[in-house]
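Scroll down for the structure; my scribbles are underneath it.
The values are calculated or read from the model by the stated rules, or taken from the named source; none is laboratory data. The structure displayed is predicted, hence computed values, not measured ones. All Cβ positions, even for glycine, are placed from backbone atoms using ideal geometry, and neighbour counts span all protein chains on display.
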């Protein structure tokens, strides 16, 4: 049963953490520094011309995701009171056996390669992400994610528009919605990512084992820099 809500802000989400892999985090840091023209010595764009070029392209540091929060999103939630929060934590705990069954009690690994746009085009990009390839086929992972979505929906914790949204697993790398500087209407301007696609369009970001699913709290972070984990369930790690 999906619900309607007048509460404006999402507060939590079910995530599959990727930032647990230091090599993946370092790759994203190097990517950001390369695009921004940042060196170990300067920690800022290497020249005024580079800074001017980035400004013209609409590229600034704030539109890059924090590498320490790198993840896949399964479901976003509005948990506006203690009862809904506790219900969500219980749902995730209780669904663990069904998730393991959906994964056939076998590990699931993904490969991140290249870049794509969620909205717009490389010339006028809003969200740039790394596509997810599930090694050995995506059926098991999609089934497991759907088990999670269905459980939260049946518990009345999912908004109707979110319950009907088709799941598209992707790893966001840049998001204009995070831009600190907004236009006059309060919206975030697009950015020109054509040069980024030219250089990184076939980039091998890496392969990683999905180890667990978290009920993550937005805008709150743990000591490791990742979103605060309110509850978690394990994924299979061995045959």
Test for residue 8: is it modelled with pLDDT of 95 or more and exposed (fewer than 14 other Cβ atoms within 10 Å of the Cβ): no
Residue 102 passes all but one of the listed conditions (1) under 28 Å from residue 196 (Cα atoms); (2) in contact (Cβ under 8 Å) with a residue 40 or more places away in the chain; (3) touching a helix residue (DSSP H, G or I) at 6+ places or on another chain (Cβ under 7 Å); the exception is number (1)
With the checklist (1) over 30 Å from residue 84 (Cα atoms); (2) surrounded by fewer than 18 Cβ atoms within 10 Å (Cβ to Cβ); (3) under 14 Å from the mean Cα position of the chain (by Cα) in hand, flag the one item residue 178 doesn't pass. (1)
Can you name the strands (runs of 3 or more DSSP E) wholly within the range 194-239 that have at least 1 residues being exposed (fewer than 15 other Cβ atoms within 10 Å of the Cβ), in contact with a helix residue (DSSP H, G or I) (Cβ under 7 Å, 6 or more places away or on another chain) and at pLDDT 95 or above? none
With the requirement that a residue be surrounded by 12 or more Cβ atoms within 10 Å (Cβ to Cβ) and modelled with pLDDT of 70 or more, what does the range 40-54 give you? 50, 51, 53, 54
I need every pair where a residue in the range 122-138 that is without any contact (Cβ under 8 Å) to a residue 40 or more places away in the chain and on the phi > 0 side of the Ramachandran plot has its Cβ under 6 Å from the Cβ of a residue that is assigned to a loop (DSSP other than H, G, I, E, B) and surrounded by fewer than 16 Cβ atoms within 10 Å (Cβ to Cβ), sequence separation at least 6 or different chains. none
